[in-house]
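Undergrad: Take a look at the following structure, please.
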Amino acid sequence: MADHPYAGLAAALATQHGKQRAIAPPLTRRLGLIVRPVAIDTDQFGTFTGSIARSGTPREAALAKARAGMAASGLPLGLASEGSFGPHPWLPFGAGGVETLAFIDAGRGLELTLSAVSRRTNFAHHDVASGEDIAPFLARIGFPAHALVVRGPDGAVLASGVQDMAALAPLAWPGNRLETDMRAHLNPTRLAAIRSLAGRLAARLASPCPACGCPGWGQVDVMRGLPCSTCDQPTQSILAIIDGCTVCGHQQTRPRPDGVTAASPASCDWCNP
Ligand SMILES: [Zn+2]
Ligand SMILES: [Zn+2]
(Lines give C-alpha, C1' and ligand atoms only; values in the text may rest on other atoms or scores of the structure.)
(Ligands and ions follow the chains in the order given, each with its own letter.)
Protein backbone atom coordinates (compact mmCIF):
# COMPACT_ATOMS: atom_id res chain seq x y z
CA MET A 1 0.00 0.00 0.00
CA ALA A 2 2.91 2.38 0.71
CA ASP A 3 3.79 2.49 -2.98
CA HIS A 4 0.23 3.01 -4.20
CA PRO A 5 -0.04 6.35 -6.03
CA TYR A 6 -2.85 7.43 -3.65
CA ALA A 7 -1.00 6.59 -0.39
CA GLY A 8 -1.16 9.64 1.87
CA LEU A 9 -3.36 11.64 -0.54
CA ALA A 10 -6.77 13.02 0.43
CA ALA A 11 -9.98 12.55 -1.53
CA ALA A 12 -13.08 14.70 -0.98
CA LEU A 13 -16.16 12.67 -0.03
CA ALA A 14 -19.22 14.74 -0.79
CA THR A 15 -21.67 13.79 1.90
CA GLN A 16 -24.35 15.13 4.18
CA HIS A 17 -25.25 11.81 5.60
CA GLY A 18 -22.13 10.51 7.35
CA LYS A 19 -21.17 7.90 4.77
CA GLN A 20 -17.46 8.13 5.56
CA ARG A 21 -17.64 5.37 8.16
CA ALA A 22 -18.79 3.00 5.39
CA ILE A 23 -16.57 4.30 2.57
CA ALA A 24 -13.27 5.24 4.23
CA PRO A 25 -12.06 2.00 5.90
CA PRO A 26 -11.41 -0.17 2.80
CA LEU A 27 -9.86 2.72 0.84
CA THR A 28 -7.57 3.70 3.69
CA ARG A 29 -6.59 0.12 4.55
CA ARG A 30 -5.91 -1.00 0.99
CA LEU A 31 -4.57 2.15 -0.71
CA GLY A 32 -3.57 4.50 2.10
CA LEU A 33 -6.08 7.02 0.70
CA ILE A 34 -7.35 9.55 3.22
CA VAL A 35 -11.10 10.16 2.87
CA ARG A 36 -12.05 13.70 3.85
CA PRO A 37 -15.78 14.36 4.26
CA VAL A 38 -16.86 17.61 2.62
CA ALA A 39 -20.26 18.93 3.64
CA ILE A 40 -22.07 19.97 0.49
CA ASP A 41 -25.76 20.41 -0.03
CA THR A 42 -26.27 16.99 -1.62
CA ASP A 43 -30.03 17.60 -1.53
CA GLN A 44 -29.53 19.97 -4.46
CA PHE A 45 -29.09 16.74 -6.47
CA GLY A 46 -32.49 15.42 -5.34
CA THR A 47 -33.92 14.05 -2.11
CA PHE A 48 -35.45 10.72 -1.17
CA THR A 49 -38.62 12.33 0.13
CA GLY A 50 -39.25 13.86 -3.27
CA SER A 51 -39.16 17.52 -2.23
CA ILE A 52 -36.53 18.09 -4.94
CA ALA A 53 -36.84 15.99 -8.10
CA ARG A 54 -33.79 14.10 -9.31
CA SER A 55 -32.41 14.33 -12.80
CA GLY A 56 -30.02 12.20 -14.85
CA THR A 57 -28.85 8.67 -14.16
CA PRO A 58 -27.43 7.49 -10.80
CA ARG A 59 -23.98 7.46 -12.44
CA GLU A 60 -24.33 11.10 -13.52
CA ALA A 61 -25.70 12.10 -10.13
CA ALA A 62 -22.82 10.42 -8.27
CA LEU A 63 -20.20 12.00 -10.54
CA ALA A 64 -21.83 15.44 -10.18
CA LYS A 65 -21.76 15.11 -6.37
CA ALA A 66 -18.10 14.05 -6.44
CA ARG A 67 -17.24 17.10 -8.59
CA ALA A 68 -19.11 19.38 -6.19
CA GLY A 69 -17.06 18.01 -3.26
CA MET A 70 -13.82 18.51 -5.20
CA ALA A 71 -14.81 22.10 -6.06
CA ALA A 72 -15.74 22.88 -2.44
CA SER A 73 -12.50 21.42 -1.03
CA GLY A 74 -10.03 22.17 -3.83
CA LEU A 75 -8.91 18.51 -3.78
CA PRO A 76 -8.09 16.80 -7.12
CA LEU A 77 -9.58 13.46 -5.94
CA GLY A 78 -13.31 13.04 -5.29
CA LEU A 79 -15.76 10.40 -4.09
CA ALA A 80 -19.55 10.30 -3.83
CA SER A 81 -22.27 7.71 -3.57
CA GLU A 82 -25.84 7.66 -4.79
CA GLY A 83 -28.67 5.34 -3.82
CA SER A 84 -31.87 4.67 -5.75
CA PHE A 85 -34.72 2.49 -4.60
CA GLY A 86 -37.71 0.97 -6.34
CA PRO A 87 -40.33 1.79 -7.38
CA HIS A 88 -38.42 4.46 -9.22
CA PRO A 89 -38.06 5.56 -12.88
CA TRP A 90 -34.45 4.28 -12.87
CA LEU A 91 -35.42 0.82 -11.74
CA PRO A 92 -37.60 -1.93 -13.13
CA PHE A 93 -40.62 -2.45 -10.88
CA GLY A 94 -39.68 -4.00 -7.58
CA ALA A 95 -35.97 -4.17 -8.33
CA GLY A 96 -34.97 -3.15 -4.82
CA GLY A 97 -31.99 -0.89 -4.30
CA VAL A 98 -29.08 0.25 -6.43
CA GLU A 99 -26.04 1.84 -4.85
CA THR A 100 -23.58 3.69 -7.08
CA LEU A 101 -20.13 4.84 -5.98
CA ALA A 102 -18.14 7.34 -8.06
CA PHE A 103 -14.42 8.13 -7.92
CA ILE A 104 -12.69 10.93 -9.84
CA ASP A 105 -8.97 11.59 -10.24
CA ALA A 106 -8.88 14.92 -12.08
CA GLY A 107 -5.12 14.84 -12.66
CA ARG A 108 -5.22 11.50 -14.50
CA GLY A 109 -8.59 12.08 -16.17
CA LEU A 110 -9.91 8.99 -14.37
CA GLU A 111 -13.66 8.66 -13.72
CA LEU A 112 -14.92 5.37 -12.32
CA THR A 113 -18.38 4.36 -11.19
CA LEU A 114 -19.31 1.03 -9.64
CA SER A 115 -22.88 -0.08 -8.97
CA ALA A 116 -24.48 -2.89 -7.03
CA VAL A 117 -28.08 -3.99 -7.32
CA SER A 118 -29.40 -5.22 -4.02
CA ARG A 119 -32.66 -6.97 -3.25
CA ARG A 120 -31.60 -6.70 0.33
CA THR A 121 -33.13 -3.26 0.89
CA ASN A 122 -35.70 -2.35 3.50
CA PHE A 123 -37.38 0.14 1.12
CA ALA A 124 -41.09 -0.05 1.95
CA HIS A 125 -44.09 1.98 3.01
CA HIS A 126 -47.23 1.32 5.00
CA ASP A 127 -50.53 3.19 5.18
CA VAL A 128 -51.77 3.24 8.75
CA ALA A 129 -55.33 1.88 9.09
CA SER A 130 -57.71 2.46 11.96
CA GLY A 131 -57.32 0.03 14.89
CA GLU A 132 -54.38 -1.77 13.31
CA ASP A 133 -51.12 -2.93 14.84
CA ILE A 134 -48.10 -1.44 13.04
CA ALA A 135 -45.63 -3.63 14.97
CA PRO A 136 -45.24 -6.25 12.18
CA PHE A 137 -44.36 -3.51 9.65
CA LEU A 138 -41.89 -1.94 12.09
CA ALA A 139 -40.25 -5.33 12.70
CA ARG A 140 -39.99 -6.04 8.97
CA ILE A 141 -38.19 -2.78 8.13
CA GLY A 142 -35.85 -3.02 11.14
CA PHE A 143 -37.24 -0.08 13.16
CA PRO A 144 -35.80 1.61 15.21
CA ALA A 145 -32.26 0.89 13.89
CA HIS A 146 -33.74 1.97 10.51
CA ALA A 147 -35.54 5.30 10.68
CA LEU A 148 -38.93 6.31 9.24
CA VAL A 149 -40.45 9.20 7.34
CA VAL A 150 -44.10 9.98 8.17
CA ARG A 151 -46.40 11.58 5.59
CA GLY A 152 -49.87 13.01 6.07
CA PRO A 153 -52.89 12.02 3.92
CA ASP A 154 -51.99 14.84 1.49
CA GLY A 155 -48.45 13.44 1.03
CA ALA A 156 -46.74 16.21 3.01
CA VAL A 157 -43.76 15.09 5.11
CA LEU A 158 -44.73 15.40 8.80
CA ALA A 159 -41.45 14.05 10.19
CA SER A 160 -38.29 12.35 8.98
CA GLY A 161 -35.50 10.52 10.76
CA VAL A 162 -38.03 9.08 13.25
CA GLN A 163 -36.12 6.51 15.32
CA ASP A 164 -38.09 5.90 18.51
CA MET A 165 -41.62 4.98 19.53
CA ALA A 166 -42.05 8.16 21.57
CA ALA A 167 -41.67 10.21 18.37
CA LEU A 168 -43.59 7.77 16.18
CA ALA A 169 -46.66 7.11 18.37
CA PRO A 170 -48.24 10.59 18.02
CA LEU A 171 -47.77 10.39 14.23
CA ALA A 172 -49.00 6.84 13.58
CA TRP A 173 -52.59 7.95 12.91
CA PRO A 174 -54.95 6.35 10.39
CA GLY A 175 -54.47 7.95 6.98
CA ASN A 176 -50.80 8.72 7.56
CA ARG A 177 -48.13 6.84 5.65
CA LEU A 178 -44.94 5.41 7.17
CA GLU A 179 -41.98 5.18 4.82
CA THR A 180 -38.45 3.89 5.35
CA ASP A 181 -35.98 6.78 5.64
CA MET A 182 -33.39 5.92 3.01
CA ARG A 183 -30.72 8.42 4.08
CA ALA A 184 -27.57 6.37 4.64
CA HIS A 185 -26.80 7.38 8.24
CA LEU A 186 -30.31 6.31 9.28
CA ASN A 187 -30.26 3.06 7.32
CA PRO A 188 -27.76 0.33 8.36
CA THR A 189 -28.81 -1.84 5.39
CA ARG A 190 -27.71 0.90 2.99
CA LEU A 191 -24.49 1.51 4.91
CA ALA A 192 -23.62 -2.20 4.57
CA ALA A 193 -24.26 -2.06 0.79
CA ILE A 194 -22.11 1.09 0.48
CA ARG A 195 -19.33 -0.52 2.53
CA SER A 196 -19.21 -3.53 0.22
CA LEU A 197 -19.10 -1.24 -2.83
CA ALA A 198 -16.21 0.72 -1.27
CA GLY A 199 -14.34 -2.59 -0.89
CA ARG A 200 -14.83 -3.25 -4.61
CA LEU A 201 -13.64 0.28 -5.45
CA ALA A 202 -10.50 -0.22 -3.32
CA ALA A 203 -9.73 -3.49 -5.14
CA ARG A 204 -10.30 -1.80 -8.49
CA LEU A 205 -8.04 1.18 -7.65
CA ALA A 206 -5.38 -1.25 -6.40
CA SER A 207 -5.24 -2.77 -9.93
CA PRO A 208 -2.98 -0.81 -12.31
CA CYS A 209 -3.61 -0.72 -16.07
CA PRO A 210 -1.07 -3.07 -17.72
CA ALA A 211 -0.53 -0.50 -20.52
CA CYS A 212 -0.31 2.92 -18.79
CA GLY A 213 -0.07 2.02 -15.09
CA CYS A 214 -3.06 4.17 -14.02
CA PRO A 215 -5.13 2.85 -11.11
CA GLY A 216 -8.60 1.46 -11.86
CA TRP A 217 -8.04 -1.54 -14.15
CA GLY A 218 -11.09 -3.84 -14.23
CA GLN A 219 -14.26 -4.96 -15.95
CA VAL A 220 -15.73 -2.42 -18.35
CA ASP A 221 -17.90 -4.66 -20.52
CA VAL A 222 -18.82 -8.24 -21.40
CA MET A 223 -18.56 -10.19 -24.65
CA ARG A 224 -21.66 -12.21 -25.54
CA GLY A 225 -21.81 -15.30 -27.74
CA LEU A 226 -21.30 -18.27 -25.39
CA PRO A 227 -21.75 -21.30 -27.70
CA CYS A 228 -24.79 -23.56 -27.28
CA SER A 229 -23.87 -26.94 -25.77
CA THR A 230 -26.03 -28.74 -28.38
CA CYS A 231 -25.55 -26.93 -31.71
CA ASP A 232 -22.45 -24.80 -30.97
CA GLN A 233 -24.13 -21.62 -32.32
CA PRO A 234 -23.40 -18.38 -30.40
CA THR A 235 -26.06 -17.37 -27.83
CA GLN A 236 -26.76 -14.10 -25.99
CA SER A 237 -25.06 -15.54 -22.88
CA ILE A 238 -21.75 -14.06 -21.71
CA LEU A 239 -18.66 -15.60 -23.36
CA ALA A 240 -15.94 -13.47 -21.78
CA ILE A 241 -15.24 -10.50 -19.54
CA ILE A 242 -13.66 -7.36 -21.03
CA ASP A 243 -11.30 -5.52 -18.68
CA GLY A 244 -10.28 -2.01 -19.53
CA CYS A 245 -8.64 1.25 -18.53
CA THR A 246 -10.88 4.31 -18.74
CA VAL A 247 -7.82 6.59 -19.00
CA CYS A 248 -5.88 5.16 -21.99
CA GLY A 249 -8.59 2.89 -23.46
CA HIS A 250 -6.50 -0.30 -23.35
CA GLN A 251 -8.67 -3.47 -23.15
CA GLN A 252 -8.15 -7.20 -22.66
CA THR A 253 -10.61 -10.09 -22.60
CA ARG A 254 -10.51 -12.96 -20.12
CA PRO A 255 -12.65 -16.10 -19.73
CA ARG A 256 -15.71 -16.09 -17.49
CA PRO A 257 -14.59 -16.44 -13.87
CA ASP A 258 -17.13 -19.25 -13.27
CA GLY A 259 -15.48 -21.48 -15.90
CA VAL A 260 -18.72 -22.01 -17.87
CA THR A 261 -17.84 -22.70 -21.52
CA ALA A 262 -21.23 -23.62 -23.06
CA ALA A 263 -24.80 -22.34 -22.84
CA SER A 264 -27.93 -24.38 -22.19
CA PRO A 265 -29.92 -25.14 -25.38
CA ALA A 266 -32.89 -23.52 -23.56
CA SER A 267 -31.21 -20.12 -24.10
CA CYS A 268 -30.29 -20.90 -27.74
CA ASP A 269 -32.24 -19.19 -30.55
CA TRP A 270 -31.57 -22.19 -32.85
CA CYS A 271 -32.51 -25.01 -30.47
CA ASN A 272 -35.26 -23.11 -28.64
CA PRO A 273 -36.59 -20.37 -30.95
ZN1 LIG B 1 -4.34 2.60 -19.19
ZN1 LIG C 1 -28.38 -24.55 -29.88
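The values are calculated or read from the model by the stated rules, or taken from the named source; none is laboratory data. Because the structure is predicted, anything quoted here is derived from the model rather than measured. Neighbour counts run over all protein chains shown; Cβ positions are idealised from the backbone, glycine included.
Undergrad: Test of understanding: among Ala102, Ala129, which residue is in contact (Cβ under 8 Å) with a residue 24 or more places away in the chain and either surrounded by 13 or more Cβ atoms within 10 Å (Cβ to Cβ) or under 22 Å from the mean Cα position of the chain (by Cα) (or both)?
TA: Ala102
Undergrad: Could you tell me whether Gly107 is of a type outside the set (Ser, Thr, Tyr), at pLDDT 95 or above and surrounded by fewer than 13 Cβ atoms within 10 Å (Cβ to Cβ)?
TA: Yes, satisfied.
Undergrad: Now for a separate question. Scanning for something out of contact with any Pro (no Cβ under 8 Å at 6 or more places or on another chain), more than 16 Å from ligand 2 (Cβ to nearest atom), in the same structural domain as Gly18 (by TED's automatic domain parsing) and of a type in the set (D, E, K, R), does region 185-198 turn up at least one residue?
TA: Yes, region 185-198 contains a residue that is out of contact with any Pro (no Cβ under 8 Å at 6 or more places or on another chain), more than 16 Å from ligand 2 (Cβ to nearest atom), in the same structural domain as Gly18 (by TED's automatic domain parsing) and of a type in the set (D, E, K, R).
Undergrad: Could you please give the count of residues in region 139-185 that are in contact (Cβ under 8 Å) with a residue 12 or more places away in the chain and not in a loop (DSSP other than H, G, I, E, B)?
TA: Qualifying residue count for the region: 20.
Undergrad: While we're on this one: Please find, within region 220-273, the residue that is nearest to ligand 2 (Cβ to nearest atom) out of those that are in contact (Cβ under 8 Å) with a residue 40 or more places away in the chain and of a type in the set (Val, Ile, Thr).
TA: Thr230
Undergrad: Still on this structure, please answer the following. Looking at (1) closer than 30 Å to Pro25 by Cα; (2) of a type in the set (A, V, I, L, M, F, W, C); (3) out of contact with any strand residue (DSSP E or B) (no Cβ under 7 Å at 6 or more places or on another chain), which is the one condition that is false for Ala129?
TA: Unmet condition: (1).
Conditions tested, residue by residue: (1) surrounded by 13 or more Cβ atoms within 10 Å (Cβ to Cβ); (2) of a type in the set (A, V, I, L, M, F, W, C); (3) more than 16 Å from ligand 1 (Cβ to nearest atom).
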position	(1), (2), (3)
Pro210	no, no, no
Trp217	yes, yes, no
Val222	yes, yes, yes
Ala240	yes, yes, yes
Gly244	yes, no, no
His250	yes, no, no
Pro257	no, no, yes
Val260	yes, yes, yes
Cys268	yes, yes, yes
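Undergrad: For region 225-273, name all the residues that are over 32 Å from the mean Cα position of the chain (by Cα), in a loop (DSSP other than H, G, I, E, B) and hydrophobic (A, V, I, L, M, F, W, C).
TA: Those that are over 32 Å from the mean Cα position of the chain (by Cα), in a loop (DSSP other than H, G, I, E, B) and hydrophobic (A, V, I, L, M, F, W, C): Cys231, Cys268, Trp270, Cys271.
Undergrad: Does region 204-217 contain any residue that is within 30 Å of Arg21 (Cβ to Cβ), in a helix (DSSP H, G or I) and either free of Cβ contacts under 8 Å to residues at least 60 places away in the same chain or more than 16 Å from ligand 2 (Cβ to nearest atom) (or both)?
TA: Yes, region 204-217 contains a residue that is within 30 Å of Arg21 (Cβ to Cβ), in a helix (DSSP H, G or I) and either free of Cβ contacts under 8 Å to residues at least 60 places away in the same chain or more than 16 Å from ligand 2 (Cβ to nearest atom) (or both).
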